[in-house]
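Let me begin by presenting the structure, written as structure tokens, before commenting on it.
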Amino acid sequence: MIRWRLPAAGVCLYALALTTSVPATLIDDALQGASSGRFRLAEARGTLWSGAGALEIRDAARNTGIGKRFAWNFLPASLMRGQLAWEITSEQESTRSVVTLSPSRIEIANADLSFPAAALALAVPKLSPLQPTGDVLVHIARLSIARARVDGDVSVRWQGAGSRLSQISPLGSYELECAGQGASISLTLHTLQAAAPLHLEGSGMWNLGAASGYSITARILPQHQQQLAPLLRLIAVESSDGSFMLQS
């Protein structure tokens, strides 16, 4: 038995030594392939275990994008739990998130990201005519991704929301709450300030491998109706009560 274990251990150590030299550019290749080119790891350097790069969101034509620089370092102690874990740090955010890979799932904990609101136009092309401004803050408390299953909570906050086409700024601040449980993710959108010139409320469902949809209602405070109605007509359908509906 001991004679068998020694060669096996040698093979494992040799395989581990080979993987330490896996270049970070392979992460970029895998990310582009999984997202059909909408996401990539630009300027990747280092290895799979320790490196840095820019997480880039690209438009539908894959021509332009907005990047967020971060670095990663492998946590050797995770091997004792039969997992692979990395600590992720960002140039702008002070928090340190952890990404864990096991045979059955990927887990992300305590992650914070911020992007200029122009990233919304890349991720959601329907918003592109608005030329959005402000900041987008993404907080992942806990997210577990397995085969045909997503569990966890993610919040996306659009702070100081505005449009380059409108003189009224900000229009408000909004939060999208995403709750995953099994094969579906529920979406809830609400406005954070009662006095915001533009109120957004909505809900939706994202089903893995099936049809998904959302419905958003936009209401303008009466004193801003004349200035903001033409803006909303670019992306939404006006109702008889003066509200606007955006659906998918």
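I'd like the residue in segment 125-159 that is assigned to a helix (DSSP H, G or I) and not polar (S, T, N, Q) and, out of all such residues, is surrounded by the most Cβ atoms within 10 Å (Cβ to Cβ).
130
Please count how many residues of segment 185-209 are of a type in the set (Ser, Thr, Tyr) and out of contact with any Gly (no Cβ under 8 Å at 6 or more places or on another chain).
First, pick out the residues of segment 185-209 that are of a type in the set (Ser, Thr, Tyr): 186, 188, 191, 203.
Within this subset, residues satisfying the condition of being out of contact with any Gly (no Cβ under 8 Å at 6 or more places or on another chain) are 203.
Final tally of qualifying residues: 1.
May I ask you to list pairs of residues, at least six apart or on different chains, whose Cβ atoms are under 6 Å apart, with the first in segment 33-45 being in contact (Cβ under 8 Å) with a residue 24 or more places away in the chain and farther than 21 Å from residue 71 by Cβ and the second being crowded, with 17+ Cβ neighbours inside 10 Å and of a type outside the set (Asp, Glu)?
These pairs meet every condition: 38/58.
Within segment 206-218, can you find the residues that are in a strand (DSSP E or B), surrounded by fewer than 19 Cβ atoms within 10 Å (Cβ to Cβ) and not polar (S, T, N, Q)?
206, 213, 214
Would it be correct to say that residue 241 is of a type in the set (Asp, Glu), surrounded by fewer than 19 Cβ atoms within 10 Å (Cβ to Cβ) and not in a strand (DSSP E or B)?
Details: of a type in the set (Asp, Glu): yes; surrounded by fewer than 19 Cβ atoms within 10 Å (Cβ to Cβ): yes; not in a strand (DSSP E or B): yes.
Criteria met by residue 241.
For segment 164-188, enumerate the residues that are polar (S, T, N, Q), more than 30 Å from residue 105 (Cβ to Cβ) and at pLDDT 95 or above. Full working, then the answer.
Keep residues of segment 164-188 that are polar (S, T, N, Q), which gives 166-167, 169, 173, 181, 184, 186, 188.
Restricting the remaining residues to those that are more than 30 Å from residue 105 (Cβ to Cβ) gives 166-167, 169, 173.
Hit for segment 164-188 is 173, nothing else.
Here is a yes/no grid of residues against (1) assigned to a strand (DSSP E or B); (2) without any contact (Cβ under 8 Å) to a residue 12 or more places away in the chain; (3) closer than 18 Å to residue 114 by Cβ:
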site: 161; (1), (2), (3): yes, no, yes
site: 167; (1), (2), (3): no, no, no
site: 176; (1), (2), (3): yes, no, yes
site: 179; (1), (2), (3): yes, no, no
site: 204; (1), (2), (3): yes, no, no
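Working carefully through the options 122, 187, find the one that is of a type outside the set (D, E, K, R), part of a strand (DSSP E or B), surrounded by 16 or more Cβ atoms within 10 Å (Cβ to Cβ) and in contact (Cβ under 8 Å) with a residue 12 or more places away in the chain.
Sole residue among the options that is of a type outside the set (D, E, K, R), part of a strand (DSSP E or B), surrounded by 16 or more Cβ atoms within 10 Å (Cβ to Cβ) and in contact (Cβ under 8 Å) with a residue 12 or more places away in the chain: 187.
Suppose the filter is touching a Ser or Thr at 6+ places or on another chain (Cβ under 6 Å), in contact (Cβ under 8 Å) with a residue 60 or more places away in the chain and either surrounded by 14 or more Cβ atoms within 10 Å (Cβ to Cβ) or not hydrophobic (A, V, I, L, M, F, W, C) (or both); does residue 200 pass it?
No: the conditions fail for residue 200.
Do you know which residues across segment 175-184 are surrounded by 15 or more Cβ atoms within 10 Å (Cβ to Cβ) and over 16 Å from the mean Cα position of the chain (by Cα)?
Across segment 175-184, the qualifying residue is only 184.
The values are calculated or read from the model by the stated rules, or taken from the named source; none is laboratory data. It should be emphasised that the depicted structure is a prediction, and the values quoted were computed from it without experimental measurement. For neighbour counting, all protein chains shown are included, and Cβ atoms are generated from backbone atoms with ideal geometry for every residue, glycine included.
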